[in-house]
Amino acid sequence: MMDDPFERWRLTPVINVTGTKTGIGASRVAAETRALVDQIMSSFVDMDELQTRAGAVIARITGAEAGCITACSAAAMTQTVAACLTGADLARIEMLPQTDKERRVLLPMSHMVNYGAPVDQAIRLAGAHVVPVGTAATCEEWHLRAALERGAAAAMYVVSHHTVRENELPMDLFIACCQEYEVPAIVDMASEYDLTGPLAMGASAVIYSGHKCLGGVTSGIVAGQTDLVRATYLQHRGIGRTMKAGKESIVGAIAALELWETRDHQAVQVAEEKRVALWSRSLSDIPGMTLARHADWTGNPITRLCMTVDPVVAGLNAWELTARLAARSPQIIVRDDLIEHQEIYLDPCNLTDDEAEHVVVAIREEVARFRADGDGLQLSWSDIKHAREAQILAWRGNWDDS
C-alpha cells in the first residue's frame, strides 16, 4: 500500500503562495501538533474534560475567562450566536432554530462578506434574524445605537481583508456601544494574530480559526465570558451536534495555541522577509509588471509582494497568468483577492525557501510563454466572472480513473 496520499489518489501537489486559505488546506501543521493529534486519535478521552483543559489554555493565552473548541470558526459563529439566543437553557438549546426569545443579531453591512460562504448565513443557521447596520461603505455610531435601541440578542463584528474598510466603525466603539446597551459583542478574528486585543476591549466572545495563522488542524476557538462560552459549548446538545469538534480538532487546537505561545515570531518574520526580497529581486525586470511591498490589510505582521500587471505592456491579464500558474504541476496558487484590478499578491507565510524559488521560475516561464505565443488578453474579467459558476458546479463527487 502506498503511504503517499498524492501518489495513492493521484492528487496534484500545491505550492501555497496565497496564505491560509481553506480551499487548499489552510496551513502547514507542525510536527509537534501532528504527533499529539496522532496519539489522541488512537485513544479515548472524556470530551467534557478535554474541552475543559482546552478552555484553560485558551484563557491563559487570550486573557479570556473561559474558552472552548468548535469544528471551525464558521461553526463558532453559529454556536456563539445560538448561545446568545438560548443561554444555558437545555430546552431552548433543543428548540433551535426555533426560539421564543429575541432573535435580532446586528451586523455592520460592510461586514456582510463571503469567506467561502456568507457571514450572515452562519448567523441565520442559529435561528437568528440578521439586521444590517449602516451601509456598505459607512457605519457610524448612530447607526449602531439606533439598531441597539430596538433590541438585539447579539452583535457581530468581523475583522477580515474582505470587509469594506471605508468609514468602518472602529472595534472599540462597536464594543463600547454594545456594552452600554448590555448586548453581547461577538468578534470574528478567524485569521488574525491578535489573540488579546478584542477581549481587552470588552468583547463578550472572540472567535479564531485553529487552522489559519495558528497552524493547527481544522478547528475554531471561542474565547470569552464564562457564561457565554459555557452556553456556546452546550450547543453540542442541539444544532452544534451537526458541527461537532472531534478529539483531534480539540487537541490540535490546544497544541497549536501552545506552540504559538512559544513561537519565535521575529525569526518567522525574518524568514518571510527573505522570500519577499527574493521575489522582488528576481521578478523586477519582467515587462509590464510593477512590484511593491504590501502590508497586511488588517494589520497582521505579514508583508506580501504585490505584482500589478499592465496588460498592454505585459501582453496578458493578471487572471490569465494566475490561471496558467494554477494549471501547472505542482499547482501554484497565488493570492487573487484584487485580481480584477490586475493585482497579484505573493504570500510568504506557508511555503519553504525552495518553493519560493520555484514560484520565481514558474512566473518567468509562464510570462515568457505568453510573450512568445501572443495568446494573452483573450479572456476579459467578465469572461472570468461568467465562468466561475460553471467551474464551481463542475464538481461531481466521483473520479473517472479510465
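The values are calculated or read from the model by the stated rules, or taken from the named source; none is laboratory data. These numbers were taken from a predicted model, which means no experiment stands behind them. For neighbour counting, all protein chains shown are included, and Cβ atoms are generated from backbone atoms with ideal geometry for every residue, glycine included. Protein only, heavy atoms only, side chains kept; ligands, DNA and RNA dropped before computing areas. Shrake-Rupley method; radii C 1.70, N 1.55, O 1.52, S 1.80 Å.
Listed by chain and number, the lysines placed with their C-alpha closer than 30 angstrom to that of K385 are K21, K212; residues fewer than eight positions away on the same chain are left out.
Between E49 and R263, the FRET efficiency from the beta-carbon distance, with R0 = 30 Å, is close to 0.65. Label separation (A117 vs S382): 3.4 nm, computed from points 7 Å beyond Cα along the C-beta direction.
Surface analysis of the chain yields an accessible area of 48 Å² per residue, using protein heavy atoms and a 1.4 Å probe.
Show that you can apply the helix-only estimate: for the chain, add -39,500 (n - 2.57) for every DSSP H stretch of four or more residues, divide by all residues, and state [θ] at 222 nm to the nearest 500.
-12500 deg cm²/dmol
Using C-alpha pairs below 8 Å separated by at least 6 residues, the relative contact order for the chain is 20 percent.
Mean separation of Cα pairs under 8 Å and 6 or more residues apart, divided by the residue count, gives the stretch 1-96 a relative contact order of 10 percent. With contacts taken as Cα pairs under 8 Å at a separation of at least 6 residues, the stretch 237-341 carries a relative contact order of 15 percent.
Taking all protein chains as shown and a probe of 1.4 angstrom, K244 keeps an accessible surface of around 130 Å². Remark: the chain is approximated by an ellipsoid whose semi-axes, taken from the C-alpha gyration tensor as √(5λ), come to 38, 26, 21 Å, largest first. With all protein chains in place and a 1.4 Å probe, the accessible surface of the stretch 1-148 carries 55 percent carbon and sulfur.
Sorting E168, E261, E65, E272 by accessible area puts them as E65, E261, E168, E272; the probe is 1.4 Å, largest comes first, and only protein heavy atoms count.
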